[in-house]
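Here the structure is laid out as structure tokens; the discussion comes afterwards.
A short reminder: the numbers here are calculations on the coordinates, not readings from a lab. These figures come from a predicted structure and were not determined experimentally. FYI the Cβ positions are ideal-geometry reconstructions off the backbone, even for glycines, and counts take in every protein chain you see.
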Amino acid sequence: MTKIISDWQNLQNKLKERFETEMDHDAILFMIGLQELDKPYRTYKKDEKLEVMHIGVCTVLQPYGFYEYKGRDDDDWPHWEVKEQLPHLDAKQQNRLMNDALIDYFKRTGFLDEAIEPNEIN
């Protein structure tokens, strides 16, 4: 019998397989932000970590029309413009939007197309 898992659980399984740890939204957004920043890894101060996470948020919500990429500044950091304010969402709706946006991001990058072995599914 085939076990059917959600896209979110599939993403969680793949990230755990790749990074050997569970990842929450903040960790995933930080990772995406680092990827999009495209700079060598270094230790970041707290405010810089928030900026890296903001890059992740803008990246995953851009296809939904909330942000438009504007380019990079003199320090080579990417910037977006708010195109549409996020609607007021309760915690459950916010979680669902972020799950969907993260799943869509990883589908676009091809990460979710990679095979996962059945014994790796929790």
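Pulled fully out, how much extra length does the chain show between Arg72 and Arg108, if you take 0.36 nm times their separation in residues and subtract their Cα-Cα distance?
In short, 10.8 nm is gained.
Normalised Debye scattering of segment 13-69 at q = 0.20 Å⁻¹ gives log10 I(q)/I(0) of -0.78, counting only Cα atoms as equal scatterers and leaving out solvent. When His88, His25 are sorted by how many other C-beta atoms sit within 10 angstrom of their C-beta, beginning with the fewest, the order is His88, His25. For the chain, a Kirkwood radius taken over Cα pairs fed into Stokes-Einstein (25 °C, viscosity 0.890 mPa s) yields D = 156 µm²/s. Dipole size of segment 7-120 about its Cα centre, with +1 on Lys/Arg Cβ and -1 on Asp/Glu Cβ: approximately 120 debye, rounded to the nearest 20.
Using a cut-off of 11 Å between beta-carbons, work out the net charge of the residues near Gly56 (Lys and Arg +1, Asp and Glu -1, Gly56 not included). Before the final figure, lay out the partial values.
On the way: positive: Lys49; negative: Asp26, Glu36, Glu51.
Counting the neighbours of Gly56, the net charge comes to -2.
For the pair Glu17 and Lys49, label points projected 7 Å from Cα toward Cβ lie 2.9 nm apart.
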